[in-house]
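Coordinate-derived values only; no laboratory data. Treat the numbers as computed from the prediction; the structure is a model and nothing was measured. Positions of Cβ are generated from backbone atoms using ideal geometry, with glycine treated the same way; all protein chains shown enter the neighbour counts.
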Amino acid sequence: MNIVITGSIAYDYLMTFPGRFAEHLLPDKLQKLSVSFLVDEMRKQRGGCGANIAYNLALLGERPRLMGTVGQDFNAYRRLLEGCGVDTSLVRTEPDLFTASFFVSTDQVGNQIANFYTGAMARARNLSLLSLDPEQIDLVVISPNDPEAMVKYTAECQARGMPYLYDPSQQIVRLSGEELTAGVRGAALLVVNEYEFEMLREKTDLSREELEATPEQACVVTLGEKGSRISTRRDTYRVPASVARCIDDPTGVGDAYRAGLIKGLALGLPWAVAGRLGSVAAAYALEQPGPQSHSYSVAEFMARLETCLRADGMASGAVLAALRYAKHAAPSKPRNSSNHEAP
């Protein structure tokens with residue numbers, strides 16, 4: 001499947017504070033706040049919605065093309081993505097800026113203080129899908145990015161007849177109701193979580209039924225531990241969540257789900273089964289720290305998926321044939337799956 005993924009590409013800096021932020025704040029001095037917290041742990045990880053989706057699709061045997069803008073510090077990240085099977089030829093480096101970065105400190109009770117540096121991502125609006133041959137594109141993914149870029153890519157897909165998956169999620173608060181409505185109305189697929197669905201419904205003034213029926217193919221709502229709901233214009237499918245072997249970090253779980261769902265569609269699987277691919281991919285991400293720490297071969301993934309489908313009574317002959325094809329048609333494990341990089 002020829003897939004172009006647009007979206008954020010970022011570094012995540014995750015820090016741990018061995019106390020409680022509230023104990024160091026003076027309520028009567030908040031108007032002149034000046035505090036410093038000494039953290040005792042920091043992890044630097046690869047992230048960004050676009051890059052996370054691309055990484056997971058590469059694990060599943062696809063070679064997605066990632067499109068976005070990055071900074072002068074992206075070289076090592078680029079090599080790691082290419083080593084995993086992601087085509088980064090549409091990723092443009094802005095040498096005078098740094099790659100978008102997310103800095104967050106978490107205290108012992110889960111409170112967080114965070115900053116997001118937009119960096120090179122702000123120039124994603126200068127890229128265009130119009131330079132690509134629409135006949136060579138099966139799907140464009142429009143995931144959270146520079147808001148102006150998202151509006152531009154949506155219009156370009158509609159103008160050139162390129163089917164797209166619309167995933168406004170974190171940028172729903174930044175996009176206007178008119179912009180969101182336009183994005184949903186032209187989409188082949190809409191994918192958001194339960195809270196984002198309600199935000200989207202409120203900002204677009206569309207009813208739940210209208211929002212679910214507007215995308216050409218399906219509206220997909222992820223429900224956390226309750227799985228996901230896939231609504232087409234004819235049917236609604238409830239997809240259970242896959243049981244994780246352990247729970248480490250939820251960051252990037254939704255991006256992994258999207259990649260699994262897309263892979264299921266690439267294999268021509270029924271909606272309920274494609275959703276099950278999404279839930280298994282999400283479980284793998286949940287079991288490791290960070291959004292790109294997990295790794296598996298396609299054969300390992302399909303074996304785990306088959307076990308889930310048999311338990312659900314969904315392992316029909318056609319489904320098993322598609323899974324066997326995927327096992328043998330895809331390469332083995334990516335050459336490099338490490339998520340750790342020196343700051």
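Structural remarks
- A protection proxy built from the mean count of other Cβ atoms within 10 Å ranks the segments 46-56, 269-279, 198-208, most packed first, as 46-56, 269-279, 198-208.
- Dipole magnitude of region 94-227 about its Cα centre (Cβ charges: Lys, Arg +1; Asp, Glu -1), debye to nearest 20: 180
- When 294, 24, 328 are sorted by how many other C-beta atoms sit within 10 angstrom of their C-beta, beginning with the fewest, the order is 328, 24, 294.
- Between residue 205 and residue 155, the modelled labels are 2.2 nm apart [label points 7 Å from Cα along Cα→Cβ].
- Using the Cβ-Cβ distance between residue 232 and residue 82 with R0 = 30 Å, the FRET efficiency computed as 1/(1 + (r/R0)^6) comes to roughly 0.25.
- Among 161, 224, 260, the largest mean-square fluctuation in a Gaussian network model of the chain (Cα springs under 10 Å) belongs to 161.
- Global geometry of the chain, whether rounded, prolate or oblate, following the gyration tensor of its Cα atoms and the 1.5 cut on a/c: rounded
- Calculated FRET efficiency for the pair residue 195/residue 310, C-beta based, R₀ 35 Å, to 0.05: 0.60
- In the chain, lysine pairs closer than 22 Å at Cα, eight or more apart or cross-chain: 4
- Neighbour net charge for residue 311 - beta-carbon separation under 14 angstrom, K R +1, D E -1: +1
- Protection proxy ranking of 189-197, 89-97 - average other beta-carbon atoms within 10 Å, highest first: 189-197, 89-97
- Charge sum, other residues only, whose C-beta stays under 12 Å from residue 302's C-beta, Lys/Arg counted +1 and Asp/Glu -1: +3
- Backbone N within region 109-142 under 20 Å of label point (7 Å from residue 39 Cα along the Cβ vector): 109-120
- Within region 126-145, backbone nitrogen closer than 16 Å to the virtual label 7 Å beyond the Cα of residue 2 toward Cβ: 129-141
- Its Cα centre serving as origin, region 185-343 has a Cβ charge dipole (Lys and Arg +1, Asp and Glu -1) of approximately 660 debye.
- Local charge for residue 280 was computed over the other residues whose Cβ lies under 15 Å away, with Lys and Arg +1 and Asp and Glu -1, and equals +1.
- Three-way shape label, region 47-124, alpha-carbon gyration tensor, a/c 1.5: oblate
- Counting 0.36 nm for each residue step from residue 114 to residue 16 and taking away their Cα separation leaves a gain of 34.1 nm.
- Beta-bridge orientation, the chain: approximately 40 percent antiparallel, per DSSP, counting only bridges with both partners inside.
- Estimated FRET transfer efficiency (residue 217, residue 98; beta-carbon r; R0 56 Å; 0.05): 0.90
- Between 29, 44, 152, the GNM of the chain built on Cα springs shorter than 10 angstrom shows 29 fluctuating the most.
- Assuming charge only on the beta carbon of Lys and Arg (+1) and of Asp and Glu (-1), the dipole of the chain about its Cα centre is about 720 debye to the nearest 20.
- Theoretical gain in end-to-end length, residue 24 to residue 131 [0.36 nm per residue, Cα-Cα removed]: 33.2 nm
- Furthest towards positive pole of dipole, 18, 264, 175, structure part the chain, Cβ charges: 264
- Dipole axis of region 155-254 (+1 Lys, Arg; -1 Asp, Glu on Cβ), positive-most option in 239, 250, 184: 239
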